[in-house]
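First the structure, in the form of structure tokens, and then the observations on it.
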Amino acid sequence: MSDCIFCMIASKEIPSNVVYEDDKIIAFHDLEPQAPVHVLIIPKKHIASLDAVSAEDQELLGYLAVKVKDIAAELGLENGYRLVSNCGEDGLQTVQHLHFHLLGKRKMLWPPG
Ligand code: AMP
Ligand code: ZN
């Protein structure tokens, strides 16, 4: 999608601090980190949110999920981490391209705010 900021990051029209990339997904540091490590993992395909996935995205999302531990290991998150996807208005999603926040290097809180 031409006006989607994360599509523009995936296509390198907008620079980002990339930590992992292949033909299906890209992971880059969040501009406003909420933890010492805060990386966003996104599919390169434009999908608006978890609420917009379809059956044809099953393999892609499985692929992304399996990559999480490798990206976490690369970032030194051997003590654990949190993976979050904010969805829709109540989920406080601000960028309408599916993304997973990978947060680590501090003890998380529960319940979330
Ligand atoms: P969410 O609020 O869950 O939709 O998350 C969107 C995230 O994208 C926020 O944590 C923002 O800080 C982050 N963000 C927005 N624009 C950029 C950008 N150009 N590069 C990196 N992170 C960004
Ligand atoms: Zn997009």
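Listing for the model above:
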quantity	calculated
Scope segment 3-42; condition within 9 Å of ligand 2 (Cβ to nearest atom) and not hydrophobic (A, V, I, L, M, F, W, C); matching residues	Asp3
Residue ID - nearest to Thr94 (Cα to Cα), chosen from residues in segment 16-63 that are surrounded by fewer than 17 Cβ atoms within 10 Å (Cβ to Cβ) and polar (S, T, N, Q)	Gln34
Residues being under 21 Å from Met1 (Cα atoms) and either over 12 Å from the mean Cα position of the chain (by Cα) or outside any loop (DSSP other than H, G, I, E, B) (or both) - total across segment 63-86	1
Search result, residues across segment 84-105 that are of a type in the set (A, V, I, L, M, F, W, C) and within 8 Å of ligand 1 (Cβ to nearest atom)	Val84, Leu92, Val95
Residues located in segment 69-83, provided they are more than 16 Å from ligand 1 (Cβ to nearest atom) and either charged (D, E, K, R) or touching a residue at least 24 places away in the same chain (Cβ under 8 Å) (or both)	Lys69, Asp70, Ala72, Glu74, Gly76, Leu77, Glu78, Asn79, Gly80
Qualifying residue in segment 62-84 (condition: under 15 Å from Leu103 (Cα atoms), touching a helix residue (DSSP H, G or I) at 6+ places or on another chain (Cβ under 9 Å), charged (D, E, K, R) and away from ligand 2 (no atom under 16 Å from the Cβ))	yes
Residues satisfying the stated conditions in segment 41-62, i.e. assigned to a loop (DSSP other than H, G, I, E, B) and within 16 Å of ligand 1 (Cβ to nearest atom)	Lys44, His46, Ile47, Ala48, Ser49, Val53
Cβ pairs under 8 Å, 6+ apart, first in segment 1-25 and in contact (Cβ under 8 Å) with a residue 24 or more places away in the chain and under 16 Å from Val68 (Cβ atoms), second assigned to a loop (DSSP other than H, G, I, E, B) and more than 10 Å from ligand 1 (Cβ to nearest atom)	Val19/Leu75; Lys24/Lys44; Lys24/Lys45; Ile25/Lys44
Residues being surrounded by 15 or more Cβ atoms within 10 Å (Cβ to Cβ) and closer than 22 Å to Val53 by Cα - total across segment 88-112	9
Residue within segment 67-78 that is within 26 Å of Ser11 (Cβ to Cβ) and touching a His at 6+ places or on another chain (Cβ under 8 Å) present	no
Residue in segment 17-37 that is within 14 Å of the chain's Cα centre (by Cα), among the hydroxyl-bearing types (Ser, Thr, Tyr) and near ligand 1 (Cβ under 9 Å from one of its atoms) present	no
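Readers should treat all values here as calculations from the given coordinates under stated rules, not as data from a laboratory. This structure is a prediction, so every number in the text was calculated from the model and none was measured. We place every Cβ from the backbone using ideal geometry, glycine too, and count neighbours over all the protein chains shown.
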